[in-house]
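See below for the structure under consideration.
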Amino acid sequence: MSDAIRYELLGDIAVLAAANPPVNALGQAVRQGLVDGIERAEKDGAKAVLIYGEGATYFAGADIKEFGKPPLAPWLPDVCTRIEASPLIVVSALHGTALGGGLEVALGSHYRIAVPKARVGLPEVLIGVMPGAGGTQRLPRLIGVEKSIEVITSGRQIGAKEALDLGILDRIEDGAPREIGLAYARELIDAGAPRRAVSDMPAPAPVDFDALYRDVLKAGRGQLSPAVAVRGIQAACELPFAEGMKRERELFMELMATDQRQGLIHAFFGERAVGKLPELEGVAPREVHHVGVIGGGTMGAGIATAALLAGLNVTMLEMTDDAAQAAKGRIAGNLQGALKRGKISEDRFTHLTEVALRTDTNYLSLADADLVIEAVFEDMEVKKQVFGKLDAVCKPGAVLATNTSYLDVNVIAQATSRPGDVIGLHFFSPAHVMKLLEVVVADATAPDVVATGFALGKRLGKISVRAGVCDGFIGNRILAVYRTAADHMILDGATPFQIDDALEEFGFAMGPYAVGDLAGLDIGWAVRKRRRAEGLDPRARDAGFADRLCEGGNFGQKTGKGFYIYEKGSRARVPNPDVMQHIEAERAAKGITPRTFTKDEIVRRYMAAMVNEAAKVVGEGIARRPLDVDMVLLFGYGFPRYHGGPLKWADMQGLPGLLDDIRAYAKEDAFFWQPAPLLETLVTDNRTFDDLNKESA
Ligand code: T1G
């Protein structure tokens, strides 16, 4: 018997306890232990078997770390079938998160009991695969096709009460899983309860699976796993159980071989790895209970909202009482959203807005703040004044953070007598919704201040990424380049509408021009004007058609017109005919004869620009690892998760081919398409971005 599953015989009940921390993943030793345990229980003449997990949870799924490696026997579907085939009564007692293969083991058991806080689910589609151990065959038999489709294609976690109502659980009891499991097994034995094999239940009635497949594929914007999982459920309706299991296995293995599975697994592990910085090992963050926020506009109000929801006290500082009240109104509006979604109660809402939140116009109100975040106007002189005042009033040890999205944090830090306490915390709007937080580390920032930034990010539920100081840090710097590549394609013959369509087919929720309309075209306009004022390199191709739009007051959705026209109250977009007039006039003025672009070329150029600048960002040490850039693009810029991020995507495309593209484009525009030295080195050394991730793990 492996020690991953501990065996005990208590009278006529055999107990199989999983002991494979941290999440009792169903690795090979656990699977072997389950099979050996069932066989031993039968040999020992037990009448029932209890399966439960020691530690934090019942099995949380197959061991994802085994993915991509040769599968090792016993295979999980066979383990579930072996459990189900036992002549003994098999009870599973669930706690924590019984997910994926974990729930499938429970479905192979004959009875399922859980503690009230247990959660169950089949999240396989979220990591690019599908239930592969009978979930698509047993769940529809147990709860019907419609509910199974929703549970399996969403991959969501389900609370114990809902699972009971659905029929996934038989009982919910307070107590330790071992105790409630033993009591339930005893009761079943004494009652002479029969063993109940879900696979013996009748196959459910089919639905129109072809239509469903199409709808699910469309809803997933090209993600394969939810749609292919539908075919698994279809097999449950159309084939005998054993055949259905074979079909499920075939479909599962097809998904296991896809790039999308690699991309989603990369995202799963990347979002956990990105916050682990070796240089912070053993560095204790400073205590933060009271946060000051300066500037109560959209961004400041969002940051204050996120801090309040995380249980922090917040002082919102504005210039005037009216502005402070307006800020409080924005924060209350944000919290109303949480109230409506049931995330907070009425009492909590009142506490947050009336007790935890204070507004003020006097800097002295920040004297005992543990950390202050400024979110004032993006102007260096304004920021330096703010930090000068903070330096004068804040207590020693207070962390002084700027939310600037591109200004030099080193210069801001030098405006204080305590540059070691100064850091950048770059939130993404809306700050209480977007998960990305760039923790911008300036030259003098103290290690424990960096640790404090990451601890605050974790507390706010953010994915925090360490960034060095440069114009735009990681995300905005890369964004500026791939947006420019798109603008160049428009000058050369593509239209904004074609580019949006091509990138949305690639998997983006919105193409770059639709995103510009959503965020407000005036933001990009201000950046272009700033950069022109700072002096553009004469070799840079400068596109002006978006400026022409802005000069006409067309900033996108907020003015009803931008690259698209938006009818009042509708987000449906119609191409704005004025745009092509501006573009054609600019092409003529620049003497450009437009050419056609295929969707494939649009994506290749757009992605080549993104990958090339990302490689520069990593090569310069602005981002620690390629996976850090991937997480920034996934959590801050809507990059399609199933591609894993731009550098994971690049690895899967093949770096040599991408470098060849860039070198070919450089023949048209050597200034814009300067190959990243890191990319050239990796290609020369026949290495990948993933190799760099592994080296700096
Ligand atoms: N396999 C391997 N390692 C895992 C793991 C798994 N399934 N789940 C978590 N870990 C690691 C994780 O990387 C981290 O490691 C540590 O455990 C704590 O995780 C046939 C094929 C269970 C809700 O998709 O959703 O079953 O960073 O930080 O916030 O049909 O982990 O400490 O080194 O996330 O408390 C289906 C994935 C698999 C569940 C716990 N199951 N995991 O959250 O801790 S596919 C899943 C989660 C499958 C079958 C198919 C969460 C959690 P490290 P954590 P947490």
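Observations on the structure shown:
- Annotation for region 222-231: no member residue is in the same structural domain as residue 132 (by TED's automatic domain parsing), part of a loop (DSSP other than H, G, I, E, B) and either touching a strand residue (DSSP E or B) at 6+ places or on another chain (Cβ under 8 Å) or of a type in the set (Ser, Thr, Tyr) (or both).
- Residue 189 being among the β-branched types (Val, Ile, Thr) and within 16 Å of the ligand (Cβ to nearest atom): no
- Complete set of residues in region 60-107 that are farther than 26 Å from residue 257 by Cα and among the small types (Gly, Ala, Ser): 85, 86, 92, 93, 96, 106
Okay, residues lined up against (1) within 25 Å of the chain's Cα centre (by Cα); (2) at pLDDT 95 or above; (3) part of a loop (DSSP other than H, G, I, E, B):
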site: 70; (1), (2), (3): no, no, yes
site: 125; (1), (2), (3): yes, yes, no
site: 133; (1), (2), (3): no, yes, yes
site: 137; (1), (2), (3): no, yes, no
site: 150; (1), (2), (3): yes, yes, no
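- Considering only residues in region 312-328 that are farther than 20 Å from residue 386 by Cβ and in contact (Cβ under 8 Å) with a residue 40 or more places away in the chain, the one that is most open to solvent (accessible area, probe 1.4 Å) turns out to be 313.
- Those residues of region 125-150 which are under 23 Å from residue 79 (Cβ atoms) and away from the ligand (no atom under 13 Å from the Cβ), in sequence order: 140, 141, 142, 143, 148
- Output for region 100-117, where each listed residue is within 15 Å of the ligand (Cβ to nearest atom) and either surrounded by fewer than 24 Cβ atoms within 10 Å (Cβ to Cβ) or more than 28 Å from residue 154 (Cβ to Cβ) (or both): 117
- Subset of region 253-311 (residues that are charged (D, E, K, R) and away from the ligand (no atom under 15 Å from the Cβ)): 259, 279, 286, 287
- Every pair of residues 6+ apart whose Cβ atoms lie under 6 Å, when the first sits in region 386-413 and is in the same structural domain as residue 429 (by TED's automatic domain parsing) while the second is among the hydroxyl-bearing types (Ser, Thr, Tyr): 387/416; 389/363; 391/416; 391/417; 393/363; 399/452; 412/402
- Any hit, region 39-58, residues being among the hydrophobic types (A, V, I, L, M, F, W, C), open to solvent by 40 Å² or more (accessible area, probe 1.4 Å) and away from the ligand (no atom under 16 Å from the Cβ): no
- Tally of residues being out of contact with any helix residue (DSSP H, G or I) (no Cβ under 6 Å at 6 or more places or on another chain) and not in a loop (DSSP other than H, G, I, E, B) across region 197-213: 3
- Residue in region 644-653 that is surrounded by fewer than 19 Cβ atoms within 10 Å (Cβ to Cβ) and not polar (S, T, N, Q) present: yes
- When restricted to residues that are open to solvent by 60 Å² or more (accessible area, probe 1.4 Å) and either modelled with pLDDT of 95 or more or within 13 Å of the ligand (Cβ to nearest atom) (or both), region 1-22 contains 7.
- Checklist (1) within 19 Å of residue 679 (Cα to Cα); (2) open to solvent by less than 10 Å² (accessible area, probe 1.4 Å); (3) in contact with a Leu (Cβ under 6 Å, 6 or more places away or on another chain) applied to residue 619, failing item: (2)
- Condition met for residue 661 (farther than 24 Å from residue 542 by Cβ, modelled with pLDDT of 95 or more and in a helix (DSSP H, G or I)): no
- Of the helices (runs of 4 or more DSSP H) contained entirely in region 297-396, those carrying at least 1 residues that are touching a His at 6+ places or on another chain (Cβ under 6 Å) fall at 298-309, 321-340.
- Some residue of region 453-464 being at pLDDT 95 or above, part of a strand (DSSP E or B) and under 25 Å from residue 644 (Cα atoms): yes
- Meets criteria (in the same structural domain as residue 661 (by TED's automatic domain parsing) and assigned to a helix (DSSP H, G or I)) for residue 526: yes
- Matching residues, region 59-93, being more than 16 Å from the ligand (Cβ to nearest atom) and small (Gly, Ala, Ser): 85, 86, 93
The values are calculated or read from the model by the stated rules, or taken from the named source; none is laboratory data. What you see is a predicted model; the values in this text were computed from it and never measured. So basically every Cβ, Gly included, is an ideal-geometry build from the backbone, and we count neighbours across all protein chains shown. We work out accessible area using only protein heavy atoms, side chains counted, and drop any ligands, DNA or RNA first. Shrake-Rupley method; radii C 1.70, N 1.55, O 1.52, S 1.80 Å.
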